[in-house]
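Please read the structure below before turning to the comments.
The values are calculated or read from the model by the stated rules, or taken from the named source; none is laboratory data. Here the structure is a predicted model, which is why all the values come from computation and not from measurement. Positions of Cβ are generated from backbone atoms using ideal geometry, with glycine treated the same way; all protein chains shown enter the neighbour counts.
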Amino acid sequence: MDYRLGVQSDIPALKELAIRSWKQYQNKLTEENWSKLLETLTNEHTYLDLLNNSNCIVCLSDQKEIIGMAFIVSKGNPTELYDKDWAYIRFVTVHPVFNGLGIGQKLTEKCITFAKKNNEQIIALHTSEIMNAARHIYESLGFTILKEIEPRLGVRYWIYTLII
């Protein structure tokens, strides 16, 4: 598998990947909350905003299809969840057919490497109670829970941080 930086022409493939991957959580959400998530996943502005404000790392299959993605946002881009002094990782996503092959971990590691090269000091991310595999990866890489945040889409969420 190859990894490269994502670009705007990848948006259709990123969107398709997100829908396929996140569909596995549909039965863990109410119909209303699934509709909200699906609206975000299918909205081109979701990806345009991320591509304009971060670096996208994609994983390609042997057939050169995008099967994984992650975004690393540099410090200086605060949100309601993230402090201005933190870099943060968003939208780590792996096609379900390729789950268990270490792609999510590799994408996260590449985000950490990118942050280190840019002299970031803290990397944050948020994840939920329904994403046990992701939480395991983050914790194995040294991320620790900073705090629980207000539920999103009806499930519990936490902010994790890693000091690098």
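Tell me which of these residue 24 doesn't satisfy, since it passes every other one: (1) at pLDDT 95 or above; (2) part of a helix (DSSP H, G or I); (3) not aromatic (Phe, Trp, Tyr).
The failed condition is (1).
Restricting to region 132-164, and then to whatever is assigned to a loop (DSSP other than H, G, I, E, B) and touching a strand residue (DSSP E or B) at 6+ places or on another chain (Cβ under 9 Å), can you tell me which residue is farthest from residue 25 (Cα to Cα)?
Only one residue fits best here, namely 164.
Just to verify a result, which residue in region 1-16, among those that are assigned to a loop (DSSP other than H, G, I, E, B) and at pLDDT 95 or above, is nearest to residue 96 (Cα to Cα)?
6
State the number of residues belonging to region 1-35 that are touching a residue at least 60 places away in the same chain (Cβ under 8 Å), exposed (fewer than 14 other Cβ atoms within 10 Å of the Cβ) and more than 22 Å from residue 112 (Cβ to Cβ).
2
Can you tell me which residues in region 88-133 are polar (S, T, N, Q) and at negative phi?
Answer for region 88-133, where residues must be polar (S, T, N, Q) and at negative phi: 93, 99, 105, 108, 113, 118, 121, 127, 128, 132.
Restricting attention to region 87-103, does a residue exist that is among the basic types (Lys, Arg), over 24 Å from residue 4 (Cβ atoms) and buried (at least 17 other Cβ atoms within 10 Å of the Cβ)?
no
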